[in-house]
Amino acid sequence: KAGVTQTPRYLIKTRGQQVTLSCSPISGHRSVSWYQQTPGQGLQFLFEYFSETQRNKGNFPGRFSGRQFSNSRSEMNVSTLELGDSALYLCASSLQGLRQSEFFGPGTRLTVT
Amino acid sequence: KNEVEQSPQNLTAQEGEFITINCSYSVGISALHWLQQHPGGGIVSLFMLSSGKKKHGRLIATINIQEKHSSLHITASHPRDSAVYICAVRVREGGSEKLVFGKGTKLTVNP
């Protein structure tokens with residue numbers, strides 16, 4: 001079974017731009033969660049989608065949004081990029097969500113200049 | 001104060017040693033996760049537990065809900081165990097759930 005895949009793996013953007021990151025979960029998994037990892041703040045939970053609905057949300061501003069498609073693939077969008085958005089963005093999938101152990105993707109390294 | 005505190009921040013051991021990493025939390029939780037992150041960035045979920053103890057190979061995780069404390073033990077440590085170990089707790093906030101993470105413990109096992 002293929003693992004969780006994320007595209008792109010690396011991305012450089014300029015402050016003020018927007019970015020879309022993509023995550024394909026393990027086949028059959030209906031839950032996709034997104035996380036941000038920075039050296040200063042560590043790992044932080046962004047949001048979780050289950051069956052195309054946002055089910056849980058962390059404490060991030062509205063510039064961070066996401067969606068999930070009927071095939072469970074998920075996208076995360078960050079608008080009006082700030083320097084502080086530079087981070088490793090990880091997605092994870094599971095059958096049922098946060099109540100189970102999740103399988104993590106390799107991450108997308110975003111650099112905002 | 002962080003809701004999830006891990007100790008130690010850094011740990012260096014010799015191959016074969018018994019390792020303990022601690023995690024304390026200050027909020028009510030519904031479950032606790034232990035994660036392993038290798039230098040390349042990949043994260044693997046090791047355990048999810050809400051009570052008692054779980055064992056997988058050389059890894060053992062325990063949790064004491066009353067004391068709000070969990071430990072991750074590695075027996076007969078090996079250089080391939082070198083990684084960052086992260087504790088995360090699942091908390092309910094409003095009508096939503098989220099994971100709150102510790103800062104991680106960087107483990108280096110020398111041959």
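We did not get these values from a lab; they are worked out from the coordinates using the rules stated. Predicted model, so just to flag it, every value in this text is computed and none were measured. Cβ sites come from the backbone with ideal geometry, for glycine too, and all protein chains shown count toward neighbours.
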message = Rg over Rh of chain B, using C-alpha atoms and the Kirkwood radius, what does it come to?
response = 0.97
inquiry  = How big is chain A along each principal axis, measuring the range of its Cα positions in Å and listing the largest first?
reply    = 37, 26, 26
message = Using the Kirkwood formula on the Cα atoms of the protein assembly as shown, what hydrodynamic radius do you get, in angstrom to one decimal?
response = 18.0
query = Given the options A:Leu81, A:Leu46, A:Leu90, which has the most mean-square fluctuation in a GNM of chain A, springs set between C-alpha atoms less than 10 angstrom apart?
reply = A:Leu81
remark   = Output field shielding_mean for B:3-10 (other chain Cβ, 10 Å radius) holds 0
message = Whole angstrom only: what separates the Cα centroid of segment A:77-113 from the Cα centroid of segment A:1-38?
response = 6
message = With an 8 Å Cα cut-off and a minimum separation of 6 or more residues, compute the relative contact order for segment A:68-113 in percent.
response = 40
ask   = Ranked highest first by the average count of other Cβ atoms within 10 Å around their residues, in what order do B:50-61, A:48-59, A:28-39 fall?
value = A:28-39, A:48-59, B:50-61
message = Please rank B:Arg92, B:Arg80, fewest neighbouring Cβ atoms within 10 Å first, as an exposure proxy.
response = B:Arg80, B:Arg92
